[in-house]
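Chemist: Let me give you the structure first, and then I'll get to my questions.
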Amino acid sequence: MAPVLALLCFVGGLLFGILTFAVFIFQVACRWCRLERPGFFAASGIVVVSWIVWAIVEAIMISILQEVYRAAGYPPWEARIVGFFIGLPSHMLVTTVLHMGLMRVKLGKAIEVWFIQQMMLFSIILAITGVLVVGFLAAKN
């Protein structure tokens, strides 16, 4: 029972850390767009709802793409990459509509928040990937 409880605590802490990081990025994006920065719980709700809706839309889109790729004879791993890039506009649409409804902002500001949020996230991922690649290449020599 103790290992299961420890695992649940670890997973819960990890998920809370990821949520906190996503909420921080969302709040900074709102601040940079000169919008009122929502509180932690309101921002958490917006982030979680946008993740859930986006995950459903992305899952449907990738499953359709995988079937198309399978029928065309292409490798299925390519469908996931193409699905990611095709999914960005749908993610923008979903989160923009959610921001407009939940935060009561105009369309332009909602798109601006999404764009800044994505650029911050991609910049962080790119920086971490760059550090890992340099570390891997340095360890190889």
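The values are calculated or read from the model by the stated rules, or taken from the named source; none is laboratory data. Not measured: the values here are computed from a predicted model. Cβ placement follows ideal geometry from the backbone for every residue including glycine, while neighbour counts extend to all protein chains displayed.
Chemist: Looking only at segment 1-54, count every residue that is among the aliphatic types (A, V, I, L, M), closer than 20 Å to M120 by Cα and free of Cβ contacts under 8 Å to residues at least 24 places away in the same chain and tell me the total.
Modeler: Within segment 1-54, residues that are among the aliphatic types (A, V, I, L, M), closer than 20 Å to M120 by Cα and free of Cβ contacts under 8 Å to residues at least 24 places away in the same chain number 3.
Chemist: Residues to consider are A110, A22, A29, A43; find the one that is in contact with a His (Cβ under 6 Å, 6 or more places away or on another chain), buried (at least 16 other Cβ atoms within 10 Å of the Cβ) and modelled with pLDDT of 90 or more.
Modeler: Numbers: A22 fails: in contact with a His (Cβ under 6 Å, 6 or more places away or on another chain); A29 fails: in contact with a His (Cβ under 6 Å, 6 or more places away or on another chain); A43 fails: in contact with a His (Cβ under 6 Å, 6 or more places away or on another chain).
Only one candidate qualifies: A110.
Chemist: Something else: Hey, any hits in segment 116-139 for a residue that's surrounded by 14 or more Cβ atoms within 10 Å (Cβ to Cβ), of a type outside the set (S, T, Y) and outside any helix (DSSP H, G or I)? Let's see the steps before the verdict.
Modeler: First, the residues of segment 116-139 that are surrounded by 14 or more Cβ atoms within 10 Å (Cβ to Cβ): 116-118, 120-121.
Keeping just the survivors that are of a type outside the set (S, T, Y) gives 116-118, 120-121.
Adding the requirement that they be outside any helix (DSSP H, G or I) leaves none.
No, segment 116-139 contains no residue that is surrounded by 14 or more Cβ atoms within 10 Å (Cβ to Cβ), of a type outside the set (S, T, Y) and outside any helix (DSSP H, G or I).
Chemist: When both residues are 6+ apart or on different chains and their Cβ atoms are under 8 Å apart, which pairs have a first residue that lies in segment 121-141 and is in contact (Cβ under 8 Å) with a residue 40 or more places away in the chain and closer than 17 Å to I18 by Cβ, and a second that is β-branched (V, I, T) and part of a helix (DSSP H, G or I)?
Modeler: Listed by first residue and then by second, the contacts come to L121/I25.
Chemist: Only residues that are under 16 Å from M92 (Cβ atoms) and hydrophobic (A, V, I, L, M, F, W, C): list them for segment 31-51, please. Write out each step before concluding.
Modeler: Quick first cut of segment 31-51, residues under 16 Å from M92 (Cβ atoms) only: 33, 46-47, 49-51.
Of everything in segment 31-51, those that are under 16 Å from M92 (Cβ atoms) and hydrophobic (A, V, I, L, M, F, W, C) turn out to be C33, I46, V47, V49, W51.
Chemist: Could you please find all residues in segment 35-66 being of a type in the set (D, E) and closer than 19 Å to F21 by Cα? It would help to see each step written out before you state the result.
Modeler: Let us first name the residues in segment 35-66 that are of a type in the set (D, E), namely 36, 58.
Of everything in segment 35-66, just one residue is of a type in the set (D, E) and closer than 19 Å to F21 by Cα, namely E36.
Chemist: Can you name the condition, by its number, that V94 falls short on among (1) more than 19 Å from F122 (Cα to Cα); (2) under 16 Å from the mean Cα position of the chain (by Cα)?
Modeler: (1)
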